[in-house]
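One structure is given below, represented as structure tokens, and several questions about it will come after.
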Amino acid sequence: MDKRKVVAVEISHRKAPIQIRERFVFNKEYIAGLLKTCKDKMNCEEVFILSTCNRFAIYAYTNDVMPLLGFFKHCGDISQYTTVCNETETAVNHLYATAAGLESQAIGEHQILGQLKEYFELAQECNTIGPVINNLLRSAIHCGRLVRSNTDIGRYTTSLSGVAYEMIKHRDMEIKDTSLALIGTGEMAALMWNFIEKDKYKNLYVVSRDEQRAKEFARDFAQPISLKDFASVINHVDVVVGVTKADSPIMNCDILQGKKNDNQVLFIDLGLPRNFDLGLKDSENITLYDLDDIKQITYESILKRQAEIPKAQEIIIEESKEFIEWLNSREVIPVIVGLKEHIEQSIKEELNWIIPKLGELDDIQKEKLNKLVYRITQNILKEPIKNIKEAAQDKENKDDIINTISHIFNIKQSD
């Protein structure tokens, strides 16, 4: 009896605070190694890993979720922060909801689809997925697109970079009078830049450890600055946005030693791990928001997106049902193939017996006889095969039905 199922284990912003999520920030090389470990040493027939700024999830087609949980336990006693999907239906619904943006901190954001594709490709390169997870991921991405094209859940700006942009705009100071420094030149920085370049700022700075990268990113629109020289402009900035990857905070209260005025400075930390030390919050003229703070901020656009959730869930339920029906039907394909082979073999034996007794038959007559037998076989099997596929959707009795048919027709099942 086939006990394989789709399972998932996840750490995300839903349950885990930022200090827990920071433990699950890994580079691509490590994740590639982990994929192979899950497949080779954790008995996962197929496995896929999704890693974003607010989520680390492992999806697998396997018999048992416990080996995956064992990996998470290596990072400490975090069971209260872990989402575990131990049944196919739950895991599939969760992935589809993730693709649709319902599980994102910024509901309906579009970036998740690109991230799914990115890690889909990584799993393909590592050869850790097969037909089940492959079809699951393709259908999840399709579901995400369907939700966005058939609802308004992606219409209003609520991505992390979009929310950060709203925070900048809602300050007391006009944008045209604001000087802004963007720390980072990676993917998240590019997303943030898409919002920043909409407006005309007093001064714009692009800050990076690598000054050449800062120059390439800034082009003619901003002034490039090396991170080590950032203290020289602290007196001239009103907003600092951190979107760089670092193992530890790149900025702490020492940066304020060169500050000679009392101007209020807004620090927005979109990094994971955090870019700015929490001690900055203790300064009178510093306002600091990190990812968890942003989570608490609700805008009208978020409320509008939330109103679209029921419509999105209807689409997810339908798409999830279609995948599960495919998966369940896939489990009975060996039985259907075995049944066809059994009937065809029986008919072939009977034909071999009757043809010599019919006298001399030419090739045309033999072909017509074979076609007749084929059509009769198809008609005989049409209804049973339809019923077998329908029975495959019955989780309670599916295995009993498969075993009964296999026993009656002496069909060997693979383990």
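The values are calculated or read from the model by the stated rules, or taken from the named source; none is laboratory data. Values in this document were obtained by computation on a predicted structure and should not be read as measured data. Positions of Cβ are backbone-derived with ideal geometry, glycine not excepted, and every protein chain shown enters the neighbour counts. For the accessible areas, the whole protein counts, side chains as well, though only heavy atoms, and no ligand, DNA or RNA atoms are used. Shrake-Rupley method; radii C 1.70, N 1.55, O 1.52, S 1.80 Å.
Taking the stated definitions as given, is residue 221 open to solvent by 20 Å² or more (accessible area, probe 1.4 Å) and touching a Pro at 6+ places or on another chain (Cβ under 9 Å)?
no
Moving on to the next point. Pairs only if they're at least six apart or on different chains, beta carbon under 9 angstrom, first in the range 273-297 and on the phi > 0 side of the Ramachandran plot, second modelled with pLDDT of 90 or more and open to solvent by 30 Å² or more (accessible area, probe 1.4 Å); list them, first residue then second.
none
Further question: Pick from the range 53-89 the residues that are farther than 30 Å from residue 270 by Cα and among the β-branched types (Val, Ile, Thr): which of them is nearest to the chain's Cα centre (by Cα)?
88
Taking the criterion of being open to solvent by 70 Å² or more (accessible area, probe 1.4 Å), out of contact with any Cys (no Cβ under 8 Å at 6 or more places or on another chain), in contact (Cβ under 8 Å) with a residue 24 or more places away in the chain and under 30 Å from residue 253 (Cβ atoms), would at least one residue in the range 304-326 satisfy it?
No; the residues of the range 304-326 include none that is open to solvent by 70 Å² or more (accessible area, probe 1.4 Å), out of contact with any Cys (no Cβ under 8 Å at 6 or more places or on another chain), in contact (Cβ under 8 Å) with a residue 24 or more places away in the chain and under 30 Å from residue 253 (Cβ atoms).
Output the residues belonging to the range 130-149 that are open to solvent by 60 Å² or more (accessible area, probe 1.4 Å), modelled with pLDDT of 90 or more and not charged (D, E, K, R).
Listed by number, the residues that qualify are 131, 142.
Being in contact (Cβ under 8 Å) with a residue 40 or more places away in the chain, assigned to a loop (DSSP other than H, G, I, E, B) and open to solvent by less than 10 Å² (accessible area, probe 1.4 Å): is that true of residue 16 here?
Yes, satisfied.
Oh, and also: Just to be sure I understand, how many residues within the range 115-129 are part of a loop (DSSP other than H, G, I, E, B) and open to solvent by 30 Å² or more (accessible area, probe 1.4 Å)?
Total satisfying the criteria: 1.
Do the conditions hold for residue 57, that is, is it under 20 Å from residue 315 (Cβ atoms) and modelled with pLDDT of 95 or more?
Against the criterion (under 20 Å from residue 315 (Cβ atoms) and modelled with pLDDT of 95 or more), residue 57 does not qualify.
Ok, one more. Which ones in the range 205-252 are closer than 19 Å to residue 264 by Cβ and assigned to a strand (DSSP E or B)?
205, 239, 240, 241, 242, 251
Please identify the pairs in which a residue from the range 135-154 that is in contact (Cβ under 8 Å) with a residue 40 or more places away in the chain has its Cβ atom under 9 Å from the Cβ atom of a residue that is aromatic (Phe, Trp, Tyr) and surrounded by fewer than 18 Cβ atoms within 10 Å (Cβ to Cβ), counting only partners at least 6 apart or on another chain.
Note: pairs meeting the criteria are 135/326; 139/326.
Right, something else. Restricting attention to the range 32-41, and to residues there that are crowded, with 20+ Cβ neighbours inside 10 Å and hydrophobic (A, V, I, L, M, F, W, C), which single residue is farthest from residue 4 (Cα to Cα)?
35
Which residue is surrounded by the most Cβ atoms within 10 Å (Cβ to Cβ), if the candidates are limited to the range 175-198 and must be farther than 15 Å from residue 268 by Cβ and of a type outside the set (Val, Ile, Thr)?
So the residue we want is 187.
What pairs come out if I take residues in the range 74-97 that are more than 15 Å from residue 318 (Cα to Cα) and pair them with residues that are modelled with pLDDT of 95 or more and open to solvent by 20 Å² or more (accessible area, probe 1.4 Å) whose C-beta lies under 6 Å away, six or more apart or interchain?
Note: pairs meeting the criteria are 85/94.
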